[in-house]
Amino acid sequence: MFVQNRYLRFRLLVLLAGTAAAVLLAPSAGAKQTANWAKPQINSVVAYGLMARSVNSFQPNAPLTKPELTELLAALPTDAVVDPGSDTGDTTTTSTTTSSTTDPSHDTSTTTTTTTGTDPTHDPTTTGSTTTTTTKKSGSPPGSVKPGASVSVSAFDAALVKQLGLDGAAASFRSVIRQAGASAPARYGTETVARLLGLRINHPASQDKLELLPTSPITRAEAAYSIAQLLKFTGEETQWVEDTSNALELPVYNSWQKRILSYAVSFIGYPYIWGGTSPNTQTVFGQTVPGGFDCSGFVWRVYKLRTYSGGKLLSSTIRGRTTYVMSGEVGRAKRIAIDALEPGDVLFFGDKGARSKPSQIYHTAIYLGGGWLIQSSGYGVAVAPLEGWYANHFAWARRPLAEARLDGTYSTP
């Protein structure tokens, strides 16, 4: 169920990101919407008994501080993953919830022990008795506003990944890409896991000023969004990431693949910015926005704007800025099928898959090998497996390294 829903979310994120220009709003219209963009998630988090006594006292635009994060981690669940290899058909879980109808001067915490079925074809449902113990706690909810040093986006993501018991999976993702030969940043593993889980959000193009770099202090609103996602997990999500990290294999890159893909993965965790092509503050459509990329802007940055020593022809291989033009620059005879992909290939996607025309191509990515790609889409710059939606909508690929006559040492993955 999770995998099916995940690909539906990816489809929606790709479509929303690819059509962002059609919904660009004037800055004044966007300004009205930015203050409470995370209101549903803030409501959920506050109802759970975290971060504030009420939505009105939440302070969404303030940076999350280290003392606040420490309190949050102590209050969040740590055992979301259900062991599918358990000898019994039932799993006992303990969760802490908070009623939103209690006296706002204190919290009412309810500890509930339930017996749940673990049939992976169904959502967990309560099948046994429930024992409830209610206790009163005074003071502010965990994660309420407190002074202290701010927490960066990447540090926050790493903390949540560890909280979910997925720091081993994160280490595996990072180890595999490095063994392939790419120089991945330290945050590569945890940002990969966080974005596979959907812990980050892409703001509408009219609100691109809200986007944060991995090194930016995370706001309390952004933190609330991630925590609200985490609180909805059933165990399928984390188990899927764990299983995927264990199965991941990448080929060993040759010298040019190493250079190209090292540069590509250096941007892991950067936001999706409509029209963006730079990791630094940039002016796009008359607005000053943070560093980041749209899907074709990411490919443009890696292959067009980067100067590689000894790769004089590489920057001239891709000439057009949009997915439509990029995909149409190679004739049918040079289009690469999905079963012939090599690391560094540029991938194109359209609603009609291999039958798509260049004018129907609306997404692009770069192939990492082993059935994985790196892209800038709804979760920012992130990696994803080339399956599900991606496999169904794959149109063709092109090979800039071969076009630039740099494929003499190419190996087949």
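The values are calculated or read from the model by the stated rules, or taken from the named source; none is laboratory data. Everything numeric here is computed off the predicted structure, so don't read it as measured data. Quick reminder, even Gly has a Cβ in these numbers, built from the backbone with ideal geometry, and neighbours come from all protein chains shown. Note: accessible area is taken over every heavy atom of the protein model, side chains too, but ligands, DNA and RNA are not part of it. Shrake-Rupley method; radii C 1.70, N 1.55, O 1.52, S 1.80 Å.
Residue count for region 26-82 under the criterion of being farther than 24 Å from residue 197 by Cα and at pLDDT 75 or above: the result is 10.
If we scan region 333-340, do we find a residue that is in contact (Cβ under 8 Å) with a residue 12 or more places away in the chain, surrounded by 21 or more Cβ atoms within 10 Å (Cβ to Cβ) and aliphatic (A, V, I, L, M)? No: zero hits. Residue selection: residue 366 satisfies the criterion of being open to solvent by less than 10 Å² (accessible area, probe 1.4 Å), under 23 Å from residue 244 (Cβ atoms) and touching an Asp or Glu at 6+ places or on another chain (Cβ under 9 Å).
Yes/no matrix, rows are residues, columns are (1) touching a residue at least 24 places away in the same chain (Cβ under 8 Å); (2) closer than 19 Å to residue 204 by Cα; (3) in a helix (DSSP H, G or I):
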position	(1), (2), (3)
223	yes, yes, yes
227	yes, no, yes
234	yes, no, no
238	yes, no, yes
245	yes, no, yes
249	yes, no, no
257	yes, no, yes
269	yes, yes, no
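Listed by first and then second residue, the pairs linking a residue in region 66-91 that is under 10 Å from residue 163 (Cα atoms) to a residue that is exposed (fewer than 15 other Cβ atoms within 10 Å of the Cβ) and at pLDDT 60 or above, with Cβ atoms under 7 Å apart and 6 or more places separating them unless they lie on different chains, are 78/165. Going by the structure shown, is residue 217 within 20 Å of residue 268 (Cβ to Cβ), touching a Leu at 6+ places or on another chain (Cβ under 9 Å) and in contact (Cβ under 8 Å) with a residue 60 or more places away in the chain? Yes.
Would you check which residues across region 185-202 are within 16 Å of residue 379 (Cβ to Cβ), part of a loop (DSSP other than H, G, I, E, B) and either open to solvent by 10 Å² or more (accessible area, probe 1.4 Å) or at pLDDT below 95 (or both) and list them? Correct list: 187, 200, 201, 202. Residue 173 passes all but one of (1) surrounded by 22 or more Cβ atoms within 10 Å (Cβ to Cβ); (2) more than 16 Å from the chain's Cα centre (by Cα); (3) not basic (Lys, Arg); which number fails? Going through (1) surrounded by 22 or more Cβ atoms within 10 Å (Cβ to Cβ); (2) more than 16 Å from the chain's Cα centre (by Cα); (3) not basic (Lys, Arg) one by one, residue 173 breaks only (2).
The set of residues in region 271-297 being open to solvent by 30 Å² or more (accessible area, probe 1.4 Å) and in contact (Cβ under 8 Å) with a residue 60 or more places away in the chain consists of 274, 285, 287, 288.
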